[in-house]
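Chemist: First the structure, then my questions, so here it is.
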Amino acid sequence: MKSVCVYCGANPGTKPAYREAASLLGRTLAQRNIQLVYGGGNVGLMGVVADAALDAGGRVLGVIPESLERLEVAHRGLTELRVVRSMHERKLIMADHSDAFIALPGGIGTAEEIFEVFTWSQLGIHLKPCGLLNVAGFFDGFVSQISRMVNDGFLREEQARQLIIADAVPEILERISTLKPSVHLKWSEREKVVV
């Protein structure tokens, strides 16, 4: 594993545990010689994870759309900062340059980003591990919702198990480095999709 994409909040959140986890994740990636790929901001948990990786001598690729760069939230001290035209281009470049994806606590954008790449894994667009770093139980509601999707027949159990959920940085990094992702299409062989 050469690079990991980290999705996280442009705000720091209300709990010190969020900042601590972001800092530990950035530092640990650098110590393991794994490039951090992230959204290119210098604010919130985004800035924390990037600064920690840089302070530990790591490589950091940030990708930010022009609209956010103009708001002066771009991190100017990265190994590489790419300024792109749109959020779609940003997400594609981040995905293409990453071997795995981890979500730290964050807002709607963070949730959308991790579930988009998790959806891509379900569809076989990529075979890269996806995980939630469940700091202080932040993602408990999402985990419950995923269970509901499985129980109510909207998500296959095999696919749900492809999403790694861990409470600690060492655990999530160990699990994403050992998971062998596989495709479990949401349609069973016996069901026909009617369009």
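Chemist: Using only C-alpha atoms and all pairs of different ones, pull out the Kirkwood radius for segment 1-57 in Å with one decimal. Intermediate values should be presented prior to the final figure.
Modeler: On the way: mean 1/r = 0.0920 Å⁻¹.
The Cα-based Kirkwood calculation yields 10.9 Å.
Chemist: Now, a different point. Let me check I've understood the local charge: for ILE165, count other residues with C-beta under 11 angstrom from its C-beta, Lys and Arg +1, Asp and Glu -1. What total comes out? Please report the intermediate quantities before stating the final value.
Modeler: Details: positive: ARG161, ARG175; negative: ASP140, ASP167, GLU171.
Counting the neighbours of ILE165, the net charge comes to -1.
Chemist: Give me, ordered by chain and number, the residues 5 or more places off ARG82 or on other chains with an amide H under 5 Å from its own placed amide H.
Modeler: GLY62, VAL63, ILE64
Chemist: Report the one residue of THR79, GLY26, LEU132 whose Cα lies farthest in the direction of the positive end of the charge dipole of the chain (charges on C-beta: Lys and Arg +1, Asp and Glu -1; origin at the Cα centre).
Modeler: It is THR79, whose Cα lies furthest towards the positive end.
Chemist: Among CYS8, ALA160, ILE93, whose Cα lies farthest out toward the positive end of the dipole of the chain, if unit charges sit on the beta carbon of Lys, Arg (+1) and Asp, Glu (-1)?
Modeler: The listed residue farthest towards the positive side: ILE93.
Chemist: Report the per residue volume, in Å³, of the convex hull enclosing the C-alpha atoms of the chain.
Modeler: On the way: hull volume 22.8 nm³, N = 195.
Cα convex hull per residue, to the nearest whole number: 117 Å³.
Chemist: From the phi of every residue in segment 153-165, what ³J(HN,Hα) in whole Hz does the Karplus formula 6.51 cos²θ - 1.76 cosθ + 1.60 yield, where θ is phi - 60° and glycine or proline is x?
Modeler: x, 9, 9, 6, 4, 4, 6, 4, 5, 6, 8, 7, 10
Chemist: Based on Cβ point charges of +1 for Lys and Arg and -1 for Asp and Glu, what charge dipole magnitude is obtained for the chain about its Cα centre, in debye rounded to the nearest 20?
Modeler: Charge dipole, the chain, about its Cα centre: 240 debye, nearest 20.
Chemist: Going by amide H atoms built from the backbone, whose H comes under 5 Å of the H on LEU155, apart from near neighbours?
Modeler: VAL150
Chemist: Using alpha carbon centroids, what distance separates segment 40-61 and segment 94-129, in Å?
Modeler: 19
Chemist: Another question, then. Relative contact order of segment 3-178: what whole-number percent is it, with Cα pairs under 8 angstrom and at least 6 residues apart?
Modeler: Values: 340 pairs, mean separation 37.9, N = 176.
That works out to 22 percent.
No value in this document is a laboratory result; all are computed from the given coordinates. Worth saying up front: this structure is predicted, and the values here are computed from it rather than measured. When we count neighbours, we look across all protein chains shown, and the Cβ atoms used for this are built from the backbone with ideal geometry, even at glycine.
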